[in-house]
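Worksheet: one structure, shown below.
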Amino acid sequence: KKGFRVRLFPKSAQEPSPQPGDSETEYWLGIIPFGGFVKMLGQSDSGPAAKTDDPRSFTNRPIWIRIAVVAAGVVFNALSAVILFMGLYLYGLEQQPAVVGGVMPGSPAEAAGFRAGDRVIAIDGESFIDEFVDFATLTLAGALTREGQSVEFTVRREDGRIDRLTAVSEMQAGDPEKLRKFGIQQASTLEIADLDDPDYTKQLAEAGFAPGDVIQAVDGKPVHASWDLRQRVRQTIKSSAELTVRRVNTDRGDELVTVTMPLRQNLLFPHFRKEIDLANLYSMVPRLKVDAILSRQRQEGLAAKVGRWFRKTLLRKEVEEAVAPPPSPFQEGDILLRAGSVITPTYPELRELVNAHLDRDMEFEVLRKDEEGMEQVVSFSVRPWSRPDNEEEAMVGIVPGLDMEHAVSAQTVDTPLVGRLSIPRGARIEKVDGQAVASFYEIAAILEKNAGQRLGIDYRVDEKEAGSVSMQVPTVEGAVHMWSEMATPLPLDFLKESVKTGRPLQAIGMGARKTWYFVATTYLTLKGLFTGDVGTSALTGPVGIVSISYQVAKQSFVDFLYFMGLISACIAVMNLLPIPVVDGGVIVFLLIEKIKGGPIPEKVQAAVTYAGLALLLAVFLWITYNDIHRLIFGQ
């Protein structure tokens, strides 16, 4: 009557009988699985409740009261997130500002006039705090606006000028996320991230870098921001670039170190609206070569993988390795001379040919160096197989790149500034402006030096066929339709700023906005699951959450609280889903009861409830499978 009856590790056969005047509300804290609930008289989420005439029973209370009681859990999930984020903003939270790190060519952002280095200080007239806008808010604005709806951005340029830009988010061609975006890339610092991982530090050292290095220049030209670094690298048509980094040395103080970073030229020029936009040098497309080999993995079930791991790792026994597929006939560095019936295929031609030969032998002819470095032609056949993530797409197990080391044009394409050069497919470029060339790097250097001039290009197809063409070298930026990147991407720290307020009311508003962001993101994820745009393998359950929580907690307590706020916001959405057993399903039952003027028949309610329980159990088992698979095999 005046307190609580506490039972530790209770058994169902030991249910105590309530005494007159006792409360029938049960508060349950479960250790395995960890969690809890509050259960009132006449309340049941796992099936129809027993009928009773007691006016205090949950089933005999007005429907709006029952809905309020059921919704309380969802409300307090959201309130928990708001309170956590409110406290974090009062303390100070590192967040990524809406600074433009890059603009995708052909994107709505480019059309609107965005430039790298711009800072968005308001979206549709609203900021997060003062003039700070979180980059996540910018991303969400593109995903949640209606199709064709324009968004107004207030932008501060690098020179301090304030401009207003309007953009309409669009779907990016070939984007697996299938969300509307503006084409704005995130900004980074020039400092290499410092992660608590020995393997990571070792890989950096092998590349000539160290955690905490700050990039100062590219080929002797100073860079002041990450977008400046990206711009200089992408316009460098060379095999490597010299990076000058400032390194902190505890013994000698700061020192400047020069590191040679290999570069690679993308075979596709990034374009927001075009999935296939061939990279080319003034209309000339280099041949394809094999950058890497992808081994074909034998499909093996979870039970077999777990058994193999258990015997090998825990029992320390020798295990028979899975039967490996035959080795690839390709080798790294192979240059594609012929695929099927097509001579020197371009990337879209190769992709079309491979798809057409799914599960059928396909002939290849490649140029390969032998042990003595001599080039020779090698022929073989490969049977393409389905991609693991898309059975309609085929693959032959190679990562193609561009053959920049030879001055051979696989094909020429029509370009806005140069047109299409009349050079036959597979022709070797011998001279540019009378100077002998042996690689596309040499061609690029000569053309760059002679911008604005009219030059001749001599080519040869074979011993009998040769010719020449002339071209006016453009002077405008962007004439080279080629995008260079570092062969090993540098893990630069994201640009972050401390967001803090000393006003509790403002902190509540900021916490509510951050909670809304995660609620909206969860909604988009669920929508992607139903439309097939998000795979179920991306989901994480209790096992995964515990693992992630441990990793986050190792970073800092602030990060852990931030993660707990994220989880609370996600749970609020999940509990409100119209699925029996969870709160949203119970609310649906109550609304139907209100509409029809009476409770749902017990048999119908029981059948639907058990179906929902079976669905949740299936989802639970599937995501637990995902978690175990990731933990054991690192996938």
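The values are calculated or read from the model by the stated rules, or taken from the named source; none is laboratory data. Remember, predicted model here, so these are calculated numbers, not experimental data. As a convention, Cβ positions derive from the backbone with ideal geometry for all residues, glycine included, and neighbour counts pool all protein chains shown. Ligands, DNA and RNA are stripped out before the accessible areas are found, and what is left, the full protein with its side chains, is counted by its heavy atoms. Shrake-Rupley method; radii C 1.70, N 1.55, O 1.52, S 1.80 Å.
Scanning the stretch 585-598 for residues that are touching a residue at least 24 places away in the same chain (Cβ under 8 Å) and not acidic (Asp, Glu) turns up Gly585, Val586, Ile587, Leu590, Leu591, Lys594. Going by the structure shown, is Gln551 open to solvent by 70 Å² or more (accessible area, probe 1.4 Å) and modelled with pLDDT under 85? Yes, satisfied. Please verify whether the stretch 447-461 includes one or more residues that are open to solvent by 70 Å² or more (accessible area, probe 1.4 Å), within 23 Å of Leu288 (Cα to Cα) and of a type in the set (S, T, N, Q). No: the stretch 447-461 contains no residue that is open to solvent by 70 Å² or more (accessible area, probe 1.4 Å), within 23 Å of Leu288 (Cα to Cα) and of a type in the set (S, T, N, Q).
In summary, Met404 fulfils each of the numbered conditions (1) touching a helix residue (DSSP H, G or I) at 6+ places or on another chain (Cβ under 8 Å); (2) part of a strand (DSSP E or B) with the single exception of condition (2). Close Cβ contacts (under 6 Å, 6 or more residues apart or on different chains) running from residues in the stretch 139-151 that are within 20 Å of Thr522 (Cβ to Cβ) to residues that are part of a loop (DSSP other than H, G, I, E, B) comprise Gly142/Ser169; Gly142/Phe182; Ala143/Leu179; Thr145/Ser169.
Within the stretch 505-526, residues that are closer than 19 Å to Met564 by Cβ sit with their Cβ atoms under 6 Å from residues that are at pLDDT 90 or above and open to solvent by 50 Å² or more (accessible area, probe 1.4 Å), at 6+ positions apart or across chains, in these pairs: Ala507/Leu90. Of the strands (runs of 3 or more DSSP E) lying entirely inside the stretch 338-397, those containing at least 3 residues that are closer than 28 Å to Phe269 by Cβ and either open to solvent by less than 90 Å² (accessible area, probe 1.4 Å) or in contact with a Phe, Trp or Tyr (Cβ under 7 Å, 6 or more places away or on another chain) (or both) are 362-369, 390-395. Exactly one residue among Gln14, Gln43 is of a type in the set (S, T, N, Q), open to solvent by less than 40 Å² (accessible area, probe 1.4 Å) and at pLDDT below 90, and that residue is Gln43. Tyr610 passes every criterion in (1) at pLDDT 80 or above; (2) over 17 Å from Ile67 (Cβ atoms); (3) surrounded by fewer than 14 Cβ atoms within 10 Å (Cβ to Cβ) apart from (3). Of all residues in the stretch 425-451, those that are within 11 Å of Val473 (Cβ to Cβ) have Cβ atoms under 6 Å from Cβ atoms of residues that are part of a loop (DSSP other than H, G, I, E, B) and open to solvent by 80 Å² or more (accessible area, probe 1.4 Å), 6 or more apart or on another chain, in Ala451/Thr475.
Of all residues in the stretch 123-153, those satisfying the criterion of being closer than 23 Å to Leu179 by Cα, β-branched (Val, Ile, Thr) and assigned to a strand (DSSP E or B) are Ile123, Val151.
Say whether the condition of being assigned to a strand (DSSP E or B), within 30 Å of Val248 (Cα to Cα) and either at pLDDT 95 or above or in contact with a helix residue (DSSP H, G or I) (Cβ under 8 Å, 6 or more places away or on another chain) (or both) is met by at least one residue in the stretch 165-187. Yes: the stretch 165-187 contains one or more residues that are assigned to a strand (DSSP E or B), within 30 Å of Val248 (Cα to Cα) and either at pLDDT 95 or above or in contact with a helix residue (DSSP H, G or I) (Cβ under 8 Å, 6 or more places away or on another chain) (or both). Assuming Ser422 fulfils every condition listed in (1) more than 26 Å from Gln235 (Cβ to Cβ); (2) of a type in the set (Ser, Thr, Tyr); (3) open to solvent by less than 60 Å² (accessible area, probe 1.4 Å) apart from one, which condition is it? Among (1) more than 26 Å from Gln235 (Cβ to Cβ); (2) of a type in the set (Ser, Thr, Tyr); (3) open to solvent by less than 60 Å² (accessible area, probe 1.4 Å), the lone unmet condition for Ser422 is (3).
If you go through the stretch 17-40 and pick out every residue that is at pLDDT 75 or above, open to solvent by 100 Å² or more (accessible area, probe 1.4 Å) and in contact with a helix residue (DSSP H, G or I) (Cβ under 8 Å, 6 or more places away or on another chain), you end up with 0.
Listed here are the residues, each with its yes/no results for (1) part of a loop (DSSP other than H, G, I, E, B); (2) under 22 Å from Glu206 (Cα atoms); (3) open to solvent by 60 Å² or more (accessible area, probe 1.4 Å); (4) at pLDDT below 90.
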residue	(1), (2), (3), (4)
Val233	no, yes, no, no
Lys305	no, no, no, yes
Arg311	no, no, yes, yes
Arg316	yes, no, yes, yes
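Residues checked against (1) farther than 30 Å from Glu94 by Cβ; (2) small (Gly, Ala, Ser):
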position	(1), (2)
Phe557	no, no
Asn575	no, no
Val582	yes, no
Val604	yes, no
Thr609	yes, no
Gly612	yes, yes
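Considering the conditions (1) within 30 Å of Gly174 (Cα to Cα); (2) buried (at least 16 other Cβ atoms within 10 Å of the Cβ); (3) modelled with pLDDT under 90; (4) not aliphatic (A, V, I, L, M), Arg298 is excluded by exactly one of them, (2). Restricting the first member to the stretch 340-357 and to residues that are in contact (Cβ under 8 Å) with a residue 12 or more places away in the chain, and the second to residues that are hydroxyl-bearing (Ser, Thr, Tyr), the beta-carbon pairs closer than 9 Å and six or more apart or on different chains are Thr344/Ser409; Leu353/Ser341. Here the condition is being of a type outside the set (D, E, K, R) and touching a helix residue (DSSP H, G or I) at 6+ places or on another chain (Cβ under 9 Å); of Pro97, Pro198, Pro105, it holds for Pro97 alone.
Ala410 - would you say it is assigned to a strand (DSSP E or B) and within 15 Å of Lys289 (Cβ to Cβ)? The answer is yes for Ala410.
Scanning the stretch 454-476 for residues that are without any contact (Cβ under 8 Å) to a residue 24 or more places away in the chain and either in contact with a helix residue (DSSP H, G or I) (Cβ under 8 Å, 6 or more places away or on another chain) or closer than 27 Å to Ser240 by Cβ (or both) returns a single hit, Leu455. Residue count for the stretch 581-602, restricted to those that are part of a loop (DSSP other than H, G, I, E, B), out of contact with any Gly (no Cβ under 7 Å at 6 or more places or on another chain) and either open to solvent by 30 Å² or more (accessible area, probe 1.4 Å) or more than 15 Å from Arg61 (Cα to Cα) (or both): 5.
Within the stretch 63-88, residues that are closer than 20 Å to Val38 by Cα reach partners that are of a type in the set (D, E, K, R) with beta carbons closer than 7 Å, at six or more positions or on different chains, in the pairs Ile63/Glu593; Ile63/Lys594; Val70/Asp583; Ala71/Asp583; Gly73/Asp583; Val74/Asp583.
Taking the stated definitions as given, is Arg119 among the basic types (Lys, Arg) and under 25 Å from Lys514 (Cα atoms)? Spelling it out, Arg119 is indeed among the basic types (Lys, Arg) and under 25 Å from Lys514 (Cα atoms).
What residue, among those in the stretch 256-276 that are open to solvent by less than 60 Å² (accessible area, probe 1.4 Å) and in a strand (DSSP E or B), is farthest from Glu442 (Cα to Cα)? Only one residue fits best here, namely Val257.
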